[in-house]
Amino acid sequence: MIKRVLTVGGVFGLISIALAATAIAGGGGGGCGPGKCTFSDWTATANFTPAAGGEYSNVSVYVDRGKQTFRPKKGTGTPFTQEGTILQVNESKADGTFAFGCWMLKDSSKFVVASDLSSASITYSATADEVCGGIPVGKAAGARPGLQSVIAMGGPGPGPGTQLTTVSVSVTWTGNGALWQNSNSGSSRCESYHATFKGTFDYEYAPATGTVDDLTGTSDPYSQIGHNTQVNTSNGIPSGACNPPGF
């Protein structure tokens, strides 16, 4: 289930945590080496809670186009990044069972986002050969320099149930016309490592309607569309002591 948190600016959804001041802690690599690197993500989330009596009790959808960071599914191998569009789905059923899935879409053009965040849509049938090659790392959990936090920022992530290998989604987001615009900057340091970063995060509440597999006719009035940019400049790569996961 996607959690929502109360912040100074009001009720921000999951994707808006990117610029919360409390999210800025130690600086990781996030796929960045020494020098300057940039990130740009277009994101949409929906958290559907169907009426009681049906097969599902909750279904969450997260779509993000940008640089994705993964850690290996097994063992302690090196995390890796991949540019593209990620789709994550968590399904909670009324019988108490759960299912989750993560896919790197072969056709990123199927996720359409208006430049002013007034609308977004995705219609896609993801297949087994698109299943993510690793476990996705949230933006504030190490995948973006300077955004590490105990607060996860990213998709719903692997759940405690069956892994989905295929899914069909068709979701449309319609913005409510009230655009939040945010910016942040800062620095992070650990031992000899030092990084500075600055970024923007714009988002709009955008009620969502659509279908996920055989769940139809559902909606979420608090869904969001967002666009996050970040520029990071660092003098190197954090040591293993500073960054045990290796991001």
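Note down the relative contact order for the stretch 37-99 as a percent, whole number, built from C-alpha pairs under 8 angstrom at least six residues apart. Please list the in-between numbers first.
Details: 112 pairs, mean separation 20.0, N = 63.
Relative CO of the stretch 37-99 lands at 32 percent.
Round to a whole number: what % of the accessible area of the stretch 199-247 belongs to carbon and sulfur, probe 1.4 Å?
Ligands and nucleic acids excluded, carbon and sulfur give 58 percent.
Can you check what the net charge comes to around SER183, using other residues whose Cβ is under 11 Å from the Cβ of SER183 (Lys, Arg +1; Asp, Glu -1)?
Surrounding charge for SER183 is 0.
I want to check the label-to-label distance for VAL112 and VAL131. Put each point 7 Å from Cα in the C-beta direction and report it in nm to one decimal.
3.1
How many nm separate the modelled label positions at ASN235 and THR123, each set 7 Å beyond the Cα in the direction of the Cβ?
5.4
For a 22 Å ceiling on Cα separation, which of these pairs sit above it: LYS36/LYS198; LYS73/LYS110; LYS67/LYS110; LYS36/LYS67; LYS73/LYS93? Before the final figure, lay out each step's value.
On the way: LYS36/LYS198 11 Å; LYS73/LYS110 27 Å; LYS67/LYS110 17 Å; LYS36/LYS67 15 Å; LYS73/LYS93 25 Å.
Table pairs above 22 Å Cα-Cα are LYS73/LYS110; LYS73/LYS93.
Note down the nm distance, to one decimal, between modelled labels 7 Å out along Cα→Cβ at THR81 and at SER168.
Once both label points are built, they end up 3.6 nm from each other.
The values are calculated or read from the model by the stated rules, or taken from the named source; none is laboratory data. For clarity, every value in this text was computed on a predicted model and none was experimentally measured. All Cβ positions, even for glycine, are placed from backbone atoms using ideal geometry, and neighbour counts span all protein chains on display. All accessible areas refer to the heavy atoms of the entire protein, side chains included, with ligands and DNA or RNA removed. Shrake-Rupley method; radii C 1.70, N 1.55, O 1.52, S 1.80 Å.
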